[in-house]
Amino acid sequence: QKGNPTMVDVSEKKSSKRIATAQSKVIVNDKILGALKDGDIYTKKGPVFHTAIIAGVMGAKKTSELIPFCHPIALEDCKVEISIKNNIIVIDTVAITTGKTGVEMEAITAATVAALTIYDMCKALSHDIILSETKLISKTGGKSDFHR
């Protein structure tokens, strides 16, 4: 009330199933796409997409440690899917929980951490990489739903 940062009190809210989807895009050049084999890019650090999927889920699980005042929640599921469209790597995430607060920050964090992992693993091939267009796609449950 005095303008100080504070965590939102969710104690009076009703628990409900909450689902959020998010997306990040990573724009890469032909040299990086040239390292594509069997649906994944391989670098000296290993399989990029497989590693980014693991990193994305780990990031979602750590969201409350990264974002001030983000409530720690029990994730019931988190999925990270990666596809390539032309020279754009598309990362789609879904986070699910049943609780008193939303799960959109976990979905967005999963997409962002997966994108950062792709950058980190591919930068030895080229620094011509653009992290682009991270966004919430949808959220359901709680006070209001959102669909982009």
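The values are calculated or read from the model by the stated rules, or taken from the named source; none is laboratory data. Just so we're clear, the structure is a prediction, and the values are computed from it rather than from any experiment. With ideal geometry, Cβ positions are generated from the backbone for all residues, glycine too; neighbour counts draw on all protein chains shown. Remember, those area values only see protein heavy atoms, side chains included, never the ligands or the DNA or RNA. Shrake-Rupley method; radii C 1.70, N 1.55, O 1.52, S 1.80 Å.
For the stretch 94-148, with equal point scatterers placed on the C-alpha atoms only and solvent neglected, what are the log10 I(q)/I(0) values from the Debye formula at q = 0.18, 0.19, 0.30 1/Å, to two decimals?
-0.67, -0.71, -1.21
Return one number: the angle in degrees, 0 to 90 and rounded to the nearest 10, between the long axis of the Cα atoms of helix 48-61 and the longest principal axis of the Cα atoms of the chain.
10 degrees
With θ set to phi - 60°, apply the Karplus curve 6.51 cos²θ - 1.76 cosθ + 1.60 along the stretch 7-22 and write out the HN-Hα couplings as whole Hz, x wherever there is a Gly or Pro.
Result, rounded to whole Hz: 6, 6, 7, 9, 4, 8, 6, 8, 6, 8, 6, 10, 10, 9, 10, 9.
Over the stretch 41-148, what percent of the accessible surface lies on carbon and sulfur atoms, probe 1.4 Å?
Roughly 58 percent, rounded to a whole number.
Kindly sort TYR119, TYR42 by accessible area of their heavy atoms, largest first, with the probe set to 1.4 Å. Before the final figure, lay out the partial values.
Working: TYR119 70, TYR42 95 Å².
Largest accessible area first, the list is TYR42, TYR119.
Using a 1.4 Å probe, what is the accessible area per residue for the chain, in Å²?
Computed with neighbouring chains in place, this is 59 Å² per residue.
Can you compute 3J(HN,Hα) from phi for each residue in the stretch 132-148, using the Karplus curve 6.51 cos²θ - 1.76 cosθ + 1.60 with θ = phi - 60°, rounded to whole Hz and x for Gly and Pro?
9, 6, 7, 7, 6, 8, 7, 8, 10, x, x, 5, 8, 9, 9, 9, 7
Enumerate the calculated ³J(HN,Hα) couplings along the stretch 117-128 in order (Karplus 6.51 cos²θ - 1.76 cosθ + 1.60, θ = phi - 60°), each rounded to whole Hz, writing x wherever the residue is Gly or Pro.
Once rounded to whole Hz, the list reads 5, 4, 4, 4, 7, 9, 4, 5, 7, 5, 8, 7.
Given charges of +1 on the Cβ of Lys and Arg and -1 on the Cβ of Asp and Glu, with all other atoms neutral, how large is the dipole of the stretch 69-148 about its Cα centre, in debye to the nearest 20?
Around 200 debye, computed over the stretch 69-148.
Could you work out the percent of alpha carbon pairs in the chain separated by over 20 Å, rounded to a whole number?
49 percent
Sorted by packing (mean other beta-carbon atoms within 10 Å per residue), highest first, where do 43-55, 105-117 land? Working shown, then result.
Numbers: 43-55: 17.6, 105-117: 25.7.
Going from most to least packed, we get 105-117, 43-55.
Modelling each spin label as a point 7 Å along the Cα-to-Cβ direction, I'd like the HIS71/LYS44 distance in nm, to one decimal.
About 4.6 nm separates the two model spin labels.
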